[in-house]
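To keep things clear, I will list the structure first and then write my remarks on it.
The values are calculated or read from the model by the stated rules, or taken from the named source; none is laboratory data. Owing to the predicted nature of the structure, the values given are computational and were not obtained by experimental measurement. Please note: Cβ atoms are built from the backbone with ideal geometry, for glycine as well, and neighbour counts cover all protein chains shown.
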Ligand code: FPP
């Protein structure tokens, strides 16, 4: 089973890490404690994905809608992200992880923007695992941004309407080189996309688990990959 599983790995796994707040509430803890535990879970899964030989892992860390959360939660989250970048960057560099951030990054606090671009440049030549962190990310916004960029090219006579097709449109997404996710995992029992990779997920396999993100561990990740192994992907054909 393990042998087969490793032979049919998804190239790109994307995860909607949900349930930190509920994990904390059921323990009588403040929500932010759930986010702290969420960072530990993310670290485990990044290491596991690298170990298994998965080439692309995308984690939905902060949506563009998350800016609407109470300001103290948002501030705490960014202090956690800042701490995580400082704590783990050496390890990510040493483990051959290429880190990319995706989203409306101009909205991030300036010190986080600096940390983000430093980590991207420090890991740019790595090629073991590409880790994409979706931060301040909204898929509708991404599609609108792509449409605006294409419209501008047409206005500048650098492109015509006939040049627009699925492949050329893709070139205007935030990370055009990122392959479509083969598998999207969402934790915590919710079954929706929440504005995540809407263009890219056209033929993704979906995996839902009731496990809250802080409890999602290496063995659950393996289970999700094993489940993917049994899927029949037809891409609209027979
Ligand atoms: C989802 O739980 C969590 C988030 C939206 C926030 C941030 C994610 C982490 C801290 C995990 C790891 C981060 C990185 C950078 C890899 P929720 O708050 O929506 O939970 P709830 O639905 O139970 O309220």
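Overview of values
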quantity: Selected residue (only one of 227, 217, 182 is farther than 20 Å from residue 103 by Cα and free of Cβ contacts under 8 Å to residues at least 40 places away in the same chain); calculated: 227
quantity: Elements of type helices (runs of 4 or more DSSP H) in region 1-111, at least 3 residues being at pLDDT 95 or above and within 11 Å of the ligand (Cβ to nearest atom); calculated: 20-25, 31-52, 71-94
quantity: Considering residues of region 171-194 that are within 14 Å of the ligand (Cβ to nearest atom), in a loop (DSSP other than H, G, I, E, B) and touching a helix residue (DSSP H, G or I) at 6+ places or on another chain (Cβ under 7 Å) only, the residue nearest to residue 143 (Cα to Cα); calculated: 187
quantity: Test: residue 208 is in contact with a helix residue (DSSP H, G or I) (Cβ under 8 Å, 6 or more places away or on another chain) and either within 15 Å of the ligand (Cβ to nearest atom) or under 30 Å from residue 43 (Cβ atoms) (or both); calculated: no
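Residue by residue, here is whether (1) out of contact with any strand residue (DSSP E or B) (no Cβ under 7 Å at 6 or more places or on another chain); (2) surrounded by 15 or more Cβ atoms within 10 Å (Cβ to Cβ); (3) under 23 Å from residue 65 (Cα atoms) holds:
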{"position": "177", "(1), (2), (3)": "yes, no, no"}
{"position": "197", "(1), (2), (3)": "no, yes, yes"}
{"position": "202", "(1), (2), (3)": "yes, no, yes"}
{"position": "228", "(1), (2), (3)": "no, yes, no"}
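Here is a yes/no grid of residues against (1) in contact with a helix residue (DSSP H, G or I) (Cβ under 8 Å, 6 or more places away or on another chain); (2) surrounded by fewer than 17 Cβ atoms within 10 Å (Cβ to Cβ); (3) closer than 30 Å to residue 227 by Cα:
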residue	(1), (2), (3)
56	no, no, yes
74	yes, yes, no
84	yes, no, no
96	yes, yes, yes
